[in-house]
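**Student:** Pasting a structure below so you can have a look.
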Amino acid sequence: MTASSRLLHFLLVAPALAIVALLFVYPLGYSVATAFQDRAGAWTLANFATAWSFYARDIGFTALIVLLCTALIGAVAVAIGGYLVLGTTRWAVAALAWLYRWPLFVPFIIAAQCMRTFLAKNGMMNNSLIALGVMPPEAAQGFLDWRGIVVTFVWKQAPFATLMVAGAMAALDRGTIDAARNLGASRLRILLEIVVPQVRPTLMVALILSCVTMMSVLSVPLMLSGQSPTMMTVQMAYRINQHGDYGVANALGLISYLMTAAVAWVYLRETMRERGAVP
Amino acid sequence: MIGRGGLWIVRAVGIGILAYAVFGPLANLLIWSFAEAWFWPNKLPSQWGFRFWDYVFRPTGRAMEALTLSIVIALLTVALSLAVAVPAGYALARGRLPWRPLIMLAFLLPQAFPSLPVYINVARIFYGFGLNGTVAGVVLVHASHGLVFAVWIATAAFAAVDRELEQAARNLGASALRSFATVTLPLATPGLIASAIFVFLESLDEFTGSFFVGAPEVRTLPLEMFTASMGGNYQISSITALILLVPSIGFMLVVERFLKGEVLAKVGA
């Protein structure tokens, strides 16, 4: 390979790299720097003090919501993916495969609008439960609070994780599964002890991507819950729109980067350890 | 023990509950779009009709204007993203690049950080260049996000093209550019179409970036929907949501026709 062909190939990549550098890397660096500056541009830690004293509860709330949603998304993905691989009732497998992916490309903002009406006190969920006689009318309560956020995130994001996990499961070698089945292992045991460990890397990637996505969404907490505490995205938007306060907004932003970085770090450390264990 | 019939019922009920969880929220949206009057404690609207559809689809209505604007922005985003992603994908797939892993990593970055704080700062930087509240600004923000998917999918699509076919064309005397245009590009086209549709939908549905960079001057359809919903105008917001939903569901149904397994297997490779 010649130097000129290398240069040519690099020139082909350069415009795309330039856009990522200018519109992502530069603003990212800018946001980190601004988090440590006051309005006059002097270096300070005051933004973090303000962010913590005003929004510590929102930071904790965000962490809990995202962790809970991630756990639920993982559980749904493993359950549906597992049934698609291990299920023996053909019509049920086909129905499930057709069903689960519908919310996949529904944008968050539309999912939020759907749930805003569906989960309301007088929404379709409560009305159906009352009509079926499962619940007395006076027990109806709206889910438009943290529960609404959780339901919407899981509804929208679980199909994505399921698609990735089910794909990885379908690509597994059937030999070990069939062997375990012949030895009389239950399907639940095969799923948890044979299938899930093998698709673990894919599952983790799906969950980390979901985590980052949920940390970025503004519309869902805005539309599903007007209560406090709320998610950090709402408070960042509030600092900008009401106060023009880039310092505190970026301090919150940096905290949210660190939260996702922590998740990614746990994953990387685990991958390294696994690779280290297998020569 | 549950008998065979019992198991059948358990499965049917399970699938039924899941179907309700998936379609219930969408059905509620559909009902709202046809509800002319719906007051508590009625379980269903007391008056159905197309009144709000007429309102939304009036040629002078704001929603139609916003739809046109959103489509124009999405098309420009696709054009910009593919213009840079196709060459980049080709170069990355053919793998003759120094620091290739590092470059691939750069195209992963925007997926690894929460995007909202980045958008806030993009808006602040754009303000200095007069790009805030302009269509060009919104297109750039959408492209910075859509580009990443476009590069990944384009790289995978080119990697799935057999290199020997290209070589055969070269041996028959075709120039590098000609063999690319007549052999490689046509074979990679299904994957590139998939990435174009994907970028189009990402842009059409994008909310957060448009909210910070575009609003209030550039009013895309998702921004209009959000405003209508927060104003309690559920009919208008539901109909707007349905308009946005049609292309998304359509893509979900056909995506496998364009994104074949052998291409998907090369994503990230």
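**Student:** So for A:R116, B:R124, what's the accessible-area order with a 1.4 Å probe, most first?
**Tutor:** Most to least solvent-accessible, the answer reads B:R124, A:R116.
**Student:** Let me confirm one metric for peptide B:87-96, namely the mean number of other chain beta-carbon atoms within 10 Å of its residues' beta-carbons.
**Tutor:** Going residue by residue through B:87-96 and averaging, the value is 5.
**Student:** Karplus couplings for segment A:177-193 from phi (6.51 cos²θ - 1.76 cosθ + 1.60, θ = phi - 60°), rounded to Hz, Gly and Pro as x?
**Tutor:** These are the phi-based 3J(HN,Hα) values: 5, 5, 4, 5, 5, 5, 7, x, 5, 6, 5, 4, 5, 4, 4, 6, 9 Hz.
**Student:** Mind listing the phi-derived Karplus ³J(HN,Hα) values for segment A:104-109, rounded to whole Hz, using 6.51, -1.76 and 1.60 with θ = phi - 60°, and x for any glycine or proline?
**Tutor:** 3, 9, 6, x, 3, 5
**Student:** For B:W48, list long-range residues whose amide hydrogen, built 1.01 Å from N in the peptide plane, is under 5 Å from its own amide hydrogen.
**Tutor:** B:E36
**Student:** Given the whole protein assembly as supplied and a 1.4 Å probe, what does the accessible area of A:Y267 come to in Å², nearest 10?
**Tutor:** 50 Å²
**Student:** Keeping all protein chains in position, work out how much accessible area B:S248 exposes to a 1.4 Å probe, and write it in Å² to the nearest 10.
**Tutor:** Roll a 1.4 Å probe over it and B:S248 shows about 0 Å².
**Student:** Quick check: residue separation of A:A179 and A:V32 times 0.36 nm, minus the Cα distance between them. What number comes out in nm?
**Tutor:** Additional length available on full extension: 47.6 nm.
**Student:** For segment B:62-264, what's the relative contact order in percent, using C-alpha pairs closer than 8 Å and at least 6 residues apart?
**Tutor:** Over segment B:62-264, the number comes to 32 percent.
**Student:** Please give the FRET efficiency for B:T68 paired with A:A3, using the beta carbon to beta carbon distance and R0 = 35 Å, rounded to the nearest 0.05.
**Tutor:** E between B:T68 and A:A3, to the nearest 0.05, is 0.10.
**Student:** Go through B:L177, B:L67 and list them by solvent-accessible area, largest first, probe radius 1.4 Å.
**Tutor:** Final ranking, largest accessible area leading: B:L177, B:L67.
**Student:** Can you tell me the length gained on complete extension of the stretch A:T88 to A:T50, counting 0.36 nm per residue apart and subtracting the Cα distance?
**Tutor:** This chain segment gains 8.0 nm when fully extended.
**Student:** Another question, if that's okay. Under 5 Å between amide H atoms, partner at least 5 residues away or on a different chain: which partners does A:Q37 have, H built in plane at 1.01 Å?
**Tutor:** A:T44
**Student:** Would you tell me the mean number of C-beta atoms belonging to other protein chains that fall within 10 Å of each C-beta in A:75-85, as a whole number?
**Tutor:** Partner-chain Cβ atoms within 10 Å, mean over residues of A:75-85: 0.
**Student:** Here is a further query. Where a ≥ b ≥ c are the square roots of the eigenvalues of the C-alpha gyration tensor, would you call segment B:1-87 rounded, which needs a/c under 1.5, or, failing that, prolate if a/b is larger than b/c, or oblate?
**Tutor:** Taking the square roots of the gyration eigenvalues as a ≥ b ≥ c, segment B:1-87 is oblate.
**Student:** For A:Y26, B:Y127, A:Y246, write out the residues from largest to smallest accessible area, computed with a 1.4 angstrom probe and no ligands counted.
**Tutor:** Descending accessible area places them as B:Y127, A:Y26, A:Y246.
**Student:** Determine the shielding of peptide B:212-219 by partner chains: average, over its residues, the number of Cβ atoms on other chains within 10 angstrom of each Cβ.
**Tutor:** Mean shielding by partner chains, rounded to a whole number: 1.
**Student:** Tell me, in nm to one decimal, what length is gained between A:A171 and A:A131 on full extension, where the rule is 0.36 nm per residue of separation less the Cα-Cα distance?
**Tutor:** 10.1 nm is the gain from fully extending A:A171 to A:A131.
**Student:** Would you mind putting B:233-239, B:45-51 in packing order, based on average other-beta-carbon counts within 10 Å, highest first?
**Tutor:** B:233-239, B:45-51
**Student:** Rounded to the nearest 10 Å², what accessible area does A:W265 have for a 1.4 Å probe in the complete protein model?
**Tutor:** Approximately 150 Å² of A:W265 is accessible to the 1.4 Å probe.
**Student:** Here's another thing I want to ask about it. Tell me whether segment B:1-49 comes out rounded, prolate or oblate; compute the Cα gyration tensor, take square roots of the eigenvalues as a ≥ b ≥ c, and use a/c under 1.5 as the rounded threshold.
**Tutor:** prolate
**Student:** For the protein assembly as shown, what does the alpha-carbon gyration tensor say about shape, rounded, prolate or oblate, given a ≥ b ≥ c as the root eigenvalues, a/c under 1.5 as rounded, and a/b over b/c as prolate?
**Tutor:** Rounded, since a/c falls under 1.5.
**Student:** I've got another one for you. Using only the alpha-carbon atoms, how far is helix B:221-230 inclined from the longest principal axis of chain B? Give it as 0 to 90 degrees, nearest 10.
**Tutor:** Around 30 degrees separate the two axes.
The values are calculated or read from the model by the stated rules, or taken from the named source; none is laboratory data. Model, not experiment: these values are computed from the prediction. Note: ideal-geometry Cβ built from the backbone for every residue, glycine included; neighbour counts use all protein chains shown. We work out accessible area using only protein heavy atoms, side chains counted, and drop any ligands, DNA or RNA first. Shrake-Rupley method; radii C 1.70, N 1.55, O 1.52, S 1.80 Å.
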